[in-house]
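Worksheet for the structure shown next.
The values are calculated or read from the model by the stated rules, or taken from the named source; none is laboratory data. Computed from a prediction, not measured in an experiment: that's the story for all the values here. Ideal geometry is used to build each Cβ from the backbone, glycine not excepted, and the neighbour counts take in all protein chains shown.
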Amino acid sequence: MAMDLGGNQRDMDRAKAQKKAAAQAKKPKESATSLAKRKEADTESQAEGMDQLSHFLTCGKKDEEKAAAGAASGGGGK
């Protein structure tokens, strides 16, 4: 007598795939205009973040240079 193994897993996977497809079908589609607006807003946000980061890095270097120059000249202030 041969035993049938694995058929149940196939059925379970098929049901899982159908459930996932049904969930995807329920989600509202994003229109092309709203997608473009979202991408533009994301790009602007990233650009602002990069500007802030570069400003922070350049200001941080200037502060370090000032501190190093003050320590080299003996300007301890006490």
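Structure notes:
- Restricted to the range 22-44, and to residues there that are of a type in the set (Gly, Ala, Ser), part of a helix (DSSP H, G or I) and loosely packed, with under 10 Cβ neighbours inside 10 Å, the residue that is modelled with the highest pLDDT is 22.
- Candidates are the residues of the range 58-78 that are surrounded by 10 or more Cβ atoms within 10 Å (Cβ to Cβ) and among the aliphatic types (A, V, I, L, M); the one that is modelled with the lowest pLDDT is 71.
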